[in-house]
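Asker: Sharing a structure, written as structure tokens. Questions coming.
The values are calculated or read from the model by the stated rules, or taken from the named source; none is laboratory data. Note that the coordinates shown come from a computational prediction; the quantities given were computed from them, not determined experimentally. Here the Cβ positions follow ideal geometry from the backbone for every residue, glycine too, while neighbour counts run over all protein chains shown. Note: accessible area is taken over every heavy atom of the protein model, side chains too, but ligands, DNA and RNA are not part of it. Shrake-Rupley method; radii C 1.70, N 1.55, O 1.52, S 1.80 Å.
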Amino acid sequence: MKLTEWAYELAESLLSEPLPRRWAHSLGVAKRAQDLRPILGSEADLLEAAAVLHDIGYSPALAKTGFHSLDGARFLRHQEKADERIVRLVAHHTFALLEADERGRRDELAGEFEMEEPHLVDALVCCDMTTTPDGRRTNSTDRVDEIVCRYSPDSIVGRFIQRAAPEVHAAVARVEQRLVVAGAG
């Protein structure tokens, strides 16, 4: 089975029924990954697979620690024996180390999962942070604002995303610049 087919089937099985809005977001993030194919070359399928899988840790079937990046990556590594690059992208998507700080799990996340290549990390951040919870395209400023409003500024996620915002915007800008240089933006 092709990597992306496996990823879509797995993500759908974990998210579509219990968390349909999260599934819609994941599909939107994967669609955004398809838009980045001109700058990803042979890594395009890898990023698309990671994009559709990035939030599987929210699935009630997988949620163990309450930290979706960690739960999803552990599941992919231990149960699915997934490609380690996908595991690392899921583990570290959208500056998860900053969220891990807020949750007291930074050493755990960093110790278990190495960081993936920076250009792929940026690409996944761009895909995630330019996609609404319903799977539509947005910009990173509106996405950060939406997350802060949805979770509240003083929540773990609200504090984390406010800390991460400058890095989020910088990652999106780097990816958009790569698209321009490639003549695809």
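Asker: Cut-off under 19 Å on the C-alpha distance; same-chain residues fewer than 8 positions from residue 31 excluded. Which lysines are left, in chain and number order?
Answerer: 2
Asker: A further question on this structure: Run the reach check for residue 64 against lysines, Cα to Cα strictly under 23 Å, same-chain hits fewer than 8 apart removed. What comes back?
Answerer: 81
Asker: Distance between Cα centroids, segment 17-71 to segment 106-141: provide it in whole Å.
Answerer: Value for the Cα centre distance between the two parts: 9 Å.
Asker: A follow-up question, please. Quick one: net charge around residue 9, please, counting Lys, Arg +1 and Asp, Glu -1 for every other residue with C-beta under 12 Å from its C-beta.
Answerer: After counting each charged neighbour, the total is -2.
Asker: Okay, moving on. Could you give the alpha-carbon Rg of the chain over 2.2 N^0.38 Å, rounded to two decimals?
Answerer: Cα-based Rg divided by the globular estimate yields 0.94.
Asker: Would you mind working out the accessible area per residue for segment 36-185, using a 1.4 Å probe, and quoting it in Å²?
Answerer: Value returned for segment 36-185: 43 Å² of accessible area per residue.
Asker: Amide H neighbours of residue 131 under 5 Å, at least 5 residues apart or on other chains, H built in the peptide plane: list them.
Answerer: 138
Asker: Output ³J(HN,Hα) for segment 112-122: one whole-Hz value per residue in order, computed from phi by the Karplus curve 6.51 cos²θ - 1.76 cosθ + 1.60 with θ = phi - 60°, and x for Gly and Pro.
Answerer: Running phi through 6.51 cos²θ - 1.76 cosθ + 1.60 with θ = phi - 60° gives 8, 9, 5, 6, 7, 3, x, 5, 6, 4, 4 Hz.
Asker: Apply the Karplus parameterisation 6.51 cos²θ - 1.76 cosθ + 1.60, with θ equal to phi minus 60°, to every residue of segment 30-43 and state each ³J(HN,Hα) to the nearest whole Hz, in sequence, with x for glycine and proline.
Answerer: 3J(HN,Hα) across segment 30-43, in whole Hz: 5, 4, 5, 4, 4, 5, 8, 3, x, 10, 9, x, 5, 9.
Asker: Measuring from the lowest to the highest alpha carbon on each principal axis, how far does segment 48-103 reach, largest first, in angstroms?
Answerer: For segment 48-103, the Cα spread along each principal axis is 28, 22, 17 Å.
Asker: Just the number, please: carbon plus sulfur as a percent of the accessible area of segment 13-71, 1.4 Å probe, no ligands or DNA/RNA counted.
Answerer: That share works out to 54 percent.
Asker: Within the set of other residues whose C-beta is less than 14 Å from the C-beta of residue 184, count the net charge using Lys and Arg as +1 and Asp and Glu as -1.
Answerer: Local net charge: +1.
Asker: Ok, one more. Summarise the accessible area of segment 131-170 (1.4 Å probe, protein heavy atoms) by the percent that is carbon and sulfur.
Answerer: 53 percent
Asker: Using a Gaussian network model of the chain with C-alpha springs under 10 Å, which one of 121, 148, 90 is most mobile by mean-square fluctuation?
Answerer: 148
Asker: State, to one decimal in nm², a quarter of the convex hull surface area for the C-alpha atoms of segment 16-93, i.e. the direction-averaged projected area.
Answerer: Over all viewing directions, segment 16-93 projects a mean Cα-hull area of 4.9 nm².
Asker: Here is a further query. Given springs between every Cα pair under 10 Å in a Gaussian network model of the chain, which of 132, 141, 94 has the largest fluctuation?
Answerer: Between 132, 141, 94, it is 141 that shows the largest mean-square fluctuation.
Asker: Related question: Read phi for every residue in segment 160-175 and hand back ³J(HN,Hα) as whole Hz from Karplus 6.51 cos²θ - 1.76 cosθ + 1.60, θ = phi - 60°, with x for Gly and Pro.
Answerer: 4, 5, 5, 5, 7, 3, x, 5, 4, 4, 5, 5, 4, 4, 4, 5
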